[in-house]
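Notes follow once the structure below has been shown.
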Amino acid sequence: MEDVHLTPRELLRAIIRRLHWVLLAAILGGMFGFCLCRFWLPPQYTATGSLYVSIPGSESADPGTASAALTAAHKLAKTCLVLLESDRVLDLAAQQLAPDCTAEDLRPMVSASCLGDTEALSISVSHRDPQTATLLANAILDTAPAEILRIVHTGRIEVVDRAVLPVQPDAPTPWHAAALAACITGFSAGLAAALAGFREKRKHIARLRRRVYVDHGVTEGRAD
């Protein structure tokens with residue numbers, strides 16, 4: 001049996017014949033994406049600040065002393081990453097916002113990381129409310145240095161940048177989600193329309209072959 005395929009014109013014709021279904025699928029998909037993002041997946045806002053960790057002696061003229069101080073500062077920065085998400089530090093930050101707020105409430109929102117291979121630390125807080133995210137991030141920046149130094153008893157921790165109010169959400173807005181969902185469902189519906197056109201052509205060719213076979217059989221019978 002010969003391979004059945006659609007020419008570009010037949011493919012376009014198959015989609016145009018079902019264009020109303022393609023458009024309907026795109027509209028419904030867009031509505032679903034909008035509602036999903038608006039009511040079930042609200043956008044998150046992230047406020048970010050930074051700290052710098054240093055050890056006395058890093059600015060020494062003696063290369064050996066300076067190198068040892070930088071190595072110690074780098075190790076202290078890694079220790080700070082752990083302590084920044086400790087119950088003690090987060091509890092102190094939470095108490096600045098609300099008496100009933102705890103470290104367990106804050107921990108899923110907080111993330112900390114080193115900025116490259118340096119002693120600078122980035123602290124980020126994500127929340128549905130940009131104002132709350134900013135207040136939480138700055139509360140950690142205010143309480144973390146003193147509390148960490150109380151634990152490690154060495155080094156110096158300074159705030160480099162305080163968190164500012166985030167303007168743009170991290171997650172897609174409802175309209176972005178609607179556009180993306182509409183494109184995906186519309187494209188899928190277009191593929192379904194092309195597949196339906198392919199099946200119609202295959203059935204049509206099969207009917208033509210059966211008809212030719214029947215007509216050929218009848219002709220041979222009359223000839224006999």
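The values are calculated or read from the model by the stated rules, or taken from the named source; none is laboratory data. Since we're looking at a predicted model, the values are computed, not measured. Glycine gets a Cβ as well: all are built from the backbone with ideal geometry, and neighbour counts include every protein chain shown. We work out accessible area using only protein heavy atoms, side chains counted, and drop any ligands, DNA or RNA first. Shrake-Rupley method; radii C 1.70, N 1.55, O 1.52, S 1.80 Å.
A compact table of results
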item: Pick from segment 66-91, criterion farther than 19 Å from Gly155 by Cβ and surrounded by 15 or more Cβ atoms within 10 Å (Cβ to Cβ), ranking: farthest from the chain's Cα centre (by Cα); result: Asp91
item: Members of segment 23-39 that are closer than 18 Å to Pro130 by Cα and surrounded by fewer than 16 Cβ atoms within 10 Å (Cβ to Cβ); result: Arg38, Phe39
item: Test result for Leu97, hydrophobic (A, V, I, L, M, F, W, C), open to solvent by 40 Å² or more (accessible area, probe 1.4 Å) and assigned to a loop (DSSP other than H, G, I, E, B); result: yes
item: Considering residues of segment 108-134 that are farther than 27 Å from Ser54 by Cβ and assigned to a helix (DSSP H, G or I) only, the residue least open to solvent (accessible area, probe 1.4 Å); result: Ala133
item: Tally, over segment 146-167, of residues that are in contact (Cβ under 8 Å) with a residue 40 or more places away in the chain and either more than 29 Å from Ala98 (Cα to Cα) or open to solvent by 30 Å² or more (accessible area, probe 1.4 Å) (or both); result: 12
item: Condition check for Ala26: in contact (Cβ under 8 Å) with a residue 40 or more places away in the chain, out of contact with any helix residue (DSSP H, G or I) (no Cβ under 9 Å at 6 or more places or on another chain) and part of a helix (DSSP H, G or I); result: no
item: Qualifying position, being of a type in the set (Ser, Thr, Tyr) and farther than 26 Å from Pro169 by Cβ, among Thr134, Thr118; result: Thr118
item: Thr143 vs. criteria part of a helix (DSSP H, G or I), free of Cβ contacts under 8 Å to residues at least 60 places away in the same chain and hydroxyl-bearing (Ser, Thr, Tyr); result: yes
item: Cβ-Cβ under 8 Å pairs, at least 6 apart or on other chains, segment 171-200 side farther than 24 Å from Leu11 by Cβ and assigned to a helix (DSSP H, G or I), far side among the aliphatic types (A, V, I, L, M) and open to solvent by 40 Å² or more (accessible area, probe 1.4 Å); result: Ala177/Leu36; Ala177/Leu41; Ala178/Met31; Ala181/Leu36
item: Number of the condition not met by Ala137 [criteria: (1) out of contact with any Pro (no Cβ under 7 Å at 6 or more places or on another chain); (2) at pLDDT below 90; (3) open to solvent by less than 90 Å² (accessible area, probe 1.4 Å); (4) closer than 30 Å to Ala103 by Cβ]; result: (2)
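Let's see how each residue does on (1) modelled with pLDDT of 75 or more; (2) in contact with a Ser or Thr (Cβ under 8 Å, 6 or more places away or on another chain); (3) of a type in the set (D, E, K, R):
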residue: Gly29; (1), (2), (3): yes, yes, no
residue: Phe34; (1), (2), (3): yes, no, no
residue: Thr46; (1), (2), (3): yes, yes, no
residue: Ser50; (1), (2), (3): yes, yes, no
residue: Ile55; (1), (2), (3): yes, yes, no
residue: Glu59; (1), (2), (3): no, no, yes
residue: Pro63; (1), (2), (3): no, no, no
residue: Ala66; (1), (2), (3): no, yes, no
residue: Thr71; (1), (2), (3): yes, no, no
